[in-house]
Amino acid sequence: MTTSKIRVRFAPSPTGPLHIGGMRTALFNYLFAKHHGGDFLLRIEDTDQTRYVPGAEAYIMEALDWCGIIIDEGPREGGPHAPYRQSERKDLYAGYAQQLIDTGHAYYAFDTPEELESNRMTAEANGETFTYNVTTRAGMRNSLTLPKGEWHALLSSGQPYVVRFRMPDNEIVAATDLIRGHVQFNTDLLDDKVLFKSDGMPTYHLANVVDDHLMEITHVIRGEEWLPSMPLHVLLYRAFGWESTMPQFSHLPLILKPEGKGKLSKRDGDKLGFPVFPLAWKDPVSGEVSRGYREDGYLPDGFINMLSLLGWNPGTEQEIFSMDQLIESFSLDRVGKSGSRFDPEKTKWFNHQYLIRQTDSELANLFIPFLQSKGVKVQFELVARVCGLVKDRCYFVNEIWEQGFFFFQAPASYDEKIVSKRWKDGVPEMMAEIAKFFGTVENWSAPQIKEPFSQFVTEKGWNFGTMMNSLRLCLVGSSFGPDIFGICEIIGREETISRIEKAVQIIAIVP
RNA sequence: GGUCUGUUCAUCUAAGGGUUAGGAUUCAAGAUUUUCAUUCUUGCCAUAGGGGUUCGAAUCCCCUACAGACUACCA
């Protein structure tokens with residue numbers, strides 16, 4: 001064991017936007033690295049040219065940026081091991097594949113996709129699954145079975161071929177997973193995985209191991225779906241003679257759908273009524289747009305906080321964590337083994353917690369773009385004040401509008417239920433008198449309005465509750481919102497009076 | 001089908017053999033708010049089933065059930 005610096009990588013393939021699971025993998029890698037003062041690298045695994053999606057790579061970086069995950073080395077940042085995009089490292093891998101062939105750990109295979117497919121079909125017809133392994137490879141066309149002259153000829157004639165790993169016969173491969181402990185596999189049940197494809201590109205397995213080695217990765221933290229390929233990877237490190245510097249593996253539990261079966265997938269997004277992506281994404285082919293947490297009004301810190309508690313817990317009862325606190329408390333041995341069902345409700349709660357912790361000015365800055373989109377003339381001081389007044393009742397930034405639009409414009413309509421409940425016979429006349437009375441109030445500030453108002457209502461012998469609620473109806477159009485006299489103060493005397501007069505004119509009496 | 005992994009309230013989870021099995025979200029009730037929401041208080045709710053080991057098991061072992069992942073020239 002060397003005492004080298006901790007280095008981890010997040011290695012997505014740019015086939016589309018990241019989803020919650022991918023983000024969590026990135027986050028845990030980041031937290032682990034930073035907790036130990038190590039490096040976090042981003043490596044783009046684009047070895048499958050057929051699945052490349054334009055924009056996906058930029059999306060990944062933007063999503064990481066939004067979450068506050070800082071990349072130490074990557075395609076954009078550069079670094080001592082550049083390039084960080086596997087397509088740009090293409091020339092490197094053939095040599096490593098060759099090394100494996102030379103040492104007898106891999107071989108050429110000339111079987112066509114059609115041949116393989118037909119093998120699978122016949123196996124399936126017998127209720128079996130075809131695997132390219134110790135027993136079946138004898139019957140296939142490869143450099144292990146073909147006479148040397150024959151496969152040499154195939155090779156030099158430009159026949160397409162792949163390089164397969166020669167899975168050893170009946171061996172137990174054991175490895176320690178930092179989350180799961182001792183895990184072992186029998187090589188007889190594993191297959192001769194393709195390492196190098198006929199298009200000249202390596203597969204994930206080869207590229208991943210080679211790059212992790214070259215980039216001096218110390219810990220591989222990835223999703224549980226990779227657990228079955230851990231033995232292959234261990235065997236590859238051995239075959240290359242890199243076992244002494246092999247990274248430690250950790251396989252994160254899966255994130256499951258909120259309801260139903262299976263792991264959360266990219267397709268679940270809008271179908272289940274919550275975003276699965278950090279940022280909105282427009283599919284370049286179909287043009288279909290998927291929602292994102294950012295666009296839906298979630299704050300990145302809350303999003304990260306929620307993500308951090310999916311499969312990890314601090315062992316204390318603390319639930320709200322800043323990124324720095326997460327870095328401070330994170331450790332892999334407090335990551336659970338079982339899959340976590342994703343709960344969109346709790347995500348909302350987290351967002352509320354973060355929203356109310358924002359200062360009024362911070363919130364105003366977030367809310368102003370929304371106001372502008374509504375065509376409202378923005379005065380920063382006023383917006384900040386409104387934010388402070390209504391933030392407690394909001395889960396999302398855009399709800400500030402729903403909860404406080406009346407600070408910026410008169411209600412365009414009046415809630416029918418409230419009207420029929422409050423706007424009884426006589427009420428319009430009383431409200432008209434109150435409007436007149438407001439004209440005489442000396443100091444227009446909340447407490448200075450409340451005092452004389454209640455005096456006035458009491459003297460008149462009117463029902464105080466009815467007057468309060470009717471006043472609210474006039475000013476807000478419904479029956480919600482913060483303290484009514486606070487509203488009066490902020491919108492001003494003139495506006496208050498004019499809203500009452502308007503209501504008196506417009507609202508019909510319900511008998 | 002095979003291999004691997006997992007299983008504590010509805011959900012996220014705590015409890016490294018000894019507690020009335022704890023917290024959070026959701027839900028319900030009450031309080032506060034002469035509105036609504038927030039907030040506060042209280043409540044409901046769990047060790048998958050069966051065998052062991054042990055004075056004692058959520059915790060260790062075995063079996064069953066269930067769930068999931070993987071089983072491509074995809075990652």
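The values are calculated or read from the model by the stated rules, or taken from the named source; none is laboratory data. Remember, it's a predicted structure, so these values are computed and weren't measured experimentally. Because the Cβ atoms are built from the backbone with ideal geometry, glycine has one as well, and the counts that use them run over all protein chains shown.
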Check your understanding: Got at least one residue in the stretch A:163-175 being without any contact (Cβ under 8 Å) to a residue 60 or more places away in the chain, part of a loop (DSSP other than H, G, I, E, B) and within 11 Å of RNA strand B (Cβ to nearest atom)?
Key -> no
Study note, to complete from the structure: Going through the stretch A:324-339 in order, the residues found to be in contact (Cβ under 8 Å) with a residue 60 or more places away in the chain and more than 16 Å from RNA strand B (Cβ to nearest atom) are A:Ile327, A:Glu328
Exercise for review: Output the number of residues of the stretch A:214-244 satisfying the condition of being within 10 Å of RNA strand B (Cβ to nearest atom) and among the aromatic types (Phe, Trp, Tyr).
Suggested key: 1
Check your understanding: Taking the stated definitions as given, is A:Val209 in contact (Cβ under 8 Å) with a residue 12 or more places away in the chain, touching a strand residue (DSSP E or B) at 6+ places or on another chain (Cβ under 8 Å) and within 24 Å of A:Pro253 (Cα to Cα)?
Key -> no
Exercise for review: Answer yes or no: is there a residue in the stretch A:201-213 that is within 25 Å of A:Ile101 (Cβ to Cβ), among the acidic types (Asp, Glu), more than 10 Å from RNA strand B (Cβ to nearest atom) and modelled with pLDDT of 95 or more.
Suggested key: yes
Revision key, fill the gap. Of the residues in the stretch A:85-139, those that are under 30 Å from A:Met61 (Cβ atoms) and within 10 Å of RNA strand B (Cβ to nearest atom) come to A:Gln86
Review point. If you check A:Ala82, A:Ala26, A:Ala58, which single one turns out to be more than 16 Å from RNA strand B (Cβ to nearest atom) and in a helix (DSSP H, G or I)?
Key: A:Ala58
Study note, to complete from the structure: Within the stretch A:29-50, the count of residues that are within 11 Å of RNA strand B (Cβ to nearest atom) and touching a strand residue (DSSP E or B) at 6+ places or on another chain (Cβ under 7 Å) comes to 4
Check your understanding: Only one of (1) surrounded by fewer than 18 Cβ atoms within 10 Å (Cβ to Cβ); (2) closer than 30 Å to A:Asp301 by Cβ; (3) of a type outside the set (D, E, K, R) is not met by A:Gly95, so which one is it?
Key -> (2)
Exercise for review: Starting from the stretch A:122-140, take each residue that is exposed (fewer than 11 other Cβ atoms within 10 Å of the Cβ) and list its partners that are among the basic types (Lys, Arg), counting only C-beta distances under 9 angstrom and pairs at least six apart or across chains.
Suggested key: A:Thr129/A:Arg120
Study note, to complete from the structure: Among residues of the stretch A:298-315 being of a type in the set (S, T, N, Q) and under 16 Å from A:Pro278 (Cβ atoms), the residue nearest to RNA strand B (Cβ to nearest atom) is A:Ser308
Check your understanding: Do we have any residue at all in the stretch A:83-94 that's in contact (Cβ under 8 Å) with a residue 60 or more places away in the chain and more than 36 Å from the chain's Cα centre (by Cα)?
Key -> no
Review point. More than 30 Å from A:Arg9 (Cα to Cα) and either among the β-branched types (Val, Ile, Thr) or free of Cβ contacts under 8 Å to residues at least 40 places away in the same chain (or both): does that describe A:Leu155?
Key: no
Revision key, fill the gap. Note on the stretch A:384-423: residues over 16 Å from A:Ser373 (Cβ atoms), of a type outside the set (A, V, I, L, M, F, W, C) and part of a loop (DSSP other than H, G, I, E, B) are A:Tyr395, A:Pro411, A:Ser413, A:Tyr414, A:Asp415
Exercise for review: Name, by its number, the condition in (1) assigned to a strand (DSSP E or B); (2) on the phi > 0 side of the Ramachandran plot that does not hold for A:Leu41.
Suggested key: (2)
Check your understanding: When you go through A:Ile487, A:Ile500 one by one, which is the residue that is crowded, with 20+ Cβ neighbours inside 10 Å, within 28 Å of A:Pro369 (Cβ to Cβ) and hydrophobic (A, V, I, L, M, F, W, C)?
Key -> A:Ile487
**Study point:** Qualifying positions in the stretch A:180-198 - modelled with pLDDT of 95 or more and either at positive phi or more than 6 Å from RNA strand B (Cβ to nearest atom) (or both)
**Key:** A:Asp192, A:Lys193, A:Leu195, A:Phe196
Practice item. Return only the number of the condition from (1) assigned to a loop (DSSP other than H, G, I, E, B); (2) farther than 21 Å from A:Ser331 by Cα that A:Asp188 does not satisfy. Key: (1)
Review point. Inside the stretch A:340-380, can you point out the residues that are under 19 Å from A:Glu402 (Cα atoms) and within 16 Å of RNA strand B (Cβ to nearest atom)?
Key: A:Lys348, A:Trp349, A:Asn351, A:His352, A:Gln353, A:Tyr354, A:Leu355, A:Ile356, A:Gln358, A:Asp360, A:Leu363
Study note, to complete from the structure: Output for Cβ contacts, cut-off 9 Å, separation at least six or different chains, first residue closer than 10 Å to A:Pro168 by Cα and without any contact (Cβ under 8 Å) to a residue 24 or more places away in the chain in the stretch A:181-195, second more than 7 Å from RNA strand B (Cβ to nearest atom) and assigned to a strand (DSSP E or B), reads A:Asn186/A:Ile172; A:Asn186/A:Val173
